[in-house]
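Only one structure is covered here, and it is reproduced in the block below.
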Amino acid sequence: MTPNYKLICGMEIHAELKTQSKMFCGCKNDPFHAPTPNSYTCPTCLGMPGALPVANKQAIEWTVKLGLALGCKINLFSKFDRKHYFYPDLPKGYQISQYDLPFCYDGQIETSEGLVRIRRIHLEEDTGKLLHKTVDGKKVSLIDFNRSSVPLIEIVTEPDITSAAQATEYSKKLRQILQYLDIANCDMEQGGMRLEANVSLQKPDQTELPNYKIELKNINSFRFLEQAVEYEISRQTTALDAGEDLHQETRGWNSTKNQSFVQRSKETAEDYRYFPDPDLPPIRFSEEQIEAIRVELPELQETIIKRWQDKYRLEPRFGHQLAKSHKLAEITDQLFSVAFTGGTDINKLASAIDNKKIVYDLESDVDKVITDFTTLHATETVNTADLDTIIQTVIKTNPDILTKFKQGQQQVMGFFMGQIMHQLKVKADPQQVHDALNKALENC
C-alpha cells in the first residue's frame, strides 16, 4: 500500500454447486459437458410464461452446510427474492436470489494477515452464457441456456481485506473449503467459481468508510485477482492525489493489457427492485434440522492438518496436499495411524507420496502403501571393512574437498556421501554410511 492511503476491500465470490439437477427445475446440472448448446433446458429455466420453479432441497442444505463450516449463524426463516435487471442471458427479466434474509450470516475465515468476516452466504440461480462469435462472416452474440438456473452460492465478506495478497489467500482458502466439503468443483477456467473484489482507498486518519467502491467483476484466476487489486490501488491513488472524485462503478479486468476497464456504473439495491418471489414459499428450518446438517460436517481441513502436526509432527508443506478432499483426508488419517503405530517416519512417508515415489490415491489400500514405502526405503547393512575402504578411496581422490571440510565447510559432507553411495553396489543405510564417514574424517 501507499503511505497516503490504506486499502478497503471486500470480496464477493460465486461458486456453482454440483447438485445433480438445477436450482429450480429438474434439468441436468452439467453445463460444461452438455453435448450441444441449450440441451439441458426446460420451460422453467428458459423463463417461459406459466412455468413454476421448485427449489432444490440439496442445494439449500449444502448452502447451510457451508455456512456451518465457516462458523455462520443460520436464519431459521428465509426466502427467495426476485432481483430485476434486463440482460439477454436472463430470460425471465429477473434472477431468483435472496435479499434481506440469506440462509447464512456472520461467519469468518482466518488468513495470515488477519480475520476476514463473512457478512452473508445466499443462494441464487446462475444465468445463461453469452457467446460472441462470427457466423457466416457476421459478428453475432449467441446464448447457451444450459447454465441457466444452475444453483449458485454467493459468499460476501465485510471490507476486512487490507492487501491484494490477503484477497488471494482468502479466495484460495474458500475454494479449498468448498472442494473439501465436496459441494462444488470450483472450475475457474470454465466459470464454476468467479471472483469479485470491491476496492476503495481510505486515508489512514479516516474512520468512516469511503463513499464509493469499485467492483472488479468476474475474475477467473487468483493471479488475475491479485494483479487487478494491485492495479486498482495504483489507479485510485493517482486519481485521488490528482483531486478526482471517484464514483461507484463496475470494472472488468483485461489480463492482456494488465489494466481494468469500465463496464457500467454500479447499481444499488433499489435499482434491482427486490421483492419476495410469489412462486416460492418461504423456507423454515427447525433447530433439529440444522443440527442434523451440522452432524454431517466432516472434520474440517485446517483442523485435521493441525491434528496431524500435533500428533505426528507432520511438516506443514504436506498437509493440504494429503487433505485435498474429505475422502482423501480420511484415507490419509487411517494411513498415518497405521504407519505411526508401526514406527514409520510420517514425514518420510508423506514426502514419498508428495514426490510420487509410491502410488497414492482414493483407491489406495493402506497396507499396500506402507509395504511399498518399506520396500522403497529398504536398505542393506554394508560390510564395515568394505565401507571403510570406499570411504578412504573417496577422501584420497578428493583432497580439495577434504581441505574445505577442514576449513569448516560442513556442506561438503553431502558431496562425500553422494560419492560413497554411488560406489557402493547395494542400497546402503545412509545413517551407517554417515557415521562411518564422520569417523574417518575425524582421523584425517
Cys in the chain lacking any partner Cβ under 4.7 Å -> 9, 25, 27, 42, 45, 186, 444
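Give, rounded to the nearest 20 debye, the magnitude of the charge dipole that the chain has about its Cα centre when Lys and Arg contribute +1 at Cβ and Asp and Glu contribute -1 at Cβ. Could the numbers behind the result be given before it?
Working: 52 positive and 62 negative charges, 165 e Å.
So the dipole magnitude of the chain works out to roughly 800 debye.
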Between residue 432 and residue 241, the two model label points (7 Å from Cα along the beta-carbon direction) sit apart by a distance in nm of 6.8
Between the modelled labels at residue 371 and residue 389 (7 Å from Cα along Cα→Cβ) the distance in nm is 3.8
Between the residues 121, 156, 234, the Cα farthest towards the positive end of the dipole of the chain, that dipole coming from +1 and -1 charges on the beta-carbon of Lys, Arg, Asp and Glu, is from 234
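Cα-Cα over 18 Å: which of 172/357; 22/172; 65/173; 129/217; 22/129; 79/172? Don't skip to the answer; put the middle values down first.
Values: 172/357 28 Å; 22/172 26 Å; 65/173 16 Å; 129/217 15 Å; 22/129 15 Å; 79/172 29 Å.
The answer is 172/357; 22/172; 79/172.
To the nearest 20 debye, what is the magnitude of the charge dipole of segment 384-442 about its Cα centre, counting +1 on the Cβ of each Lys and Arg and -1 on the Cβ of each Asp and Glu?
Details: 6 positive and 6 negative charges, 30 e Å.
I would put it at about 140 debye.
Wrap a convex hull around the Cα atoms of the chain, take a quarter of its surface area, and give that in square nanometres. Mind showing how you got there, number by number?
Numbers: hull surface 128.1 nm².
So the Cα hull casts an average projection of 32.0 nm².
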Descending packing, highest mean Cβ count within 10 Å first, for 294-302, 395-403 is 294-302, 395-403
Residue separation between residue 284 and residue 48 times 0.36 nm, minus their alpha-carbon distance, gives in nm 82.1 nm
In the chain, taking the dipole from +1 charges on Lys and Arg beta carbons and -1 charges on Asp and Glu beta carbons about the Cα centre, the listed residue (103, 33, 417) farthest towards the positive end is 33
Assertion target for 99, 5, ordered by fewest C-beta neighbours within 10 angstrom first, is 99, 5
Answer in debye to the nearest 20: the dipole magnitude of segment 275-433 about its Cα centre, from +1 Lys/Arg and -1 Asp/Glu charges placed on Cβ, is 1100
Quick note on 196, 189, 16, 158, ordering by fewest other C-beta atoms within 10 Å, gives 189, 158, 196, 16
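Only the coordinates and a few stated rules stand behind these numbers; no lab work does. These numbers come from a predicted model, not from an experiment. Glycine also receives a Cβ, built like all others from the backbone with ideal geometry; neighbour counts cover every protein chain displayed.
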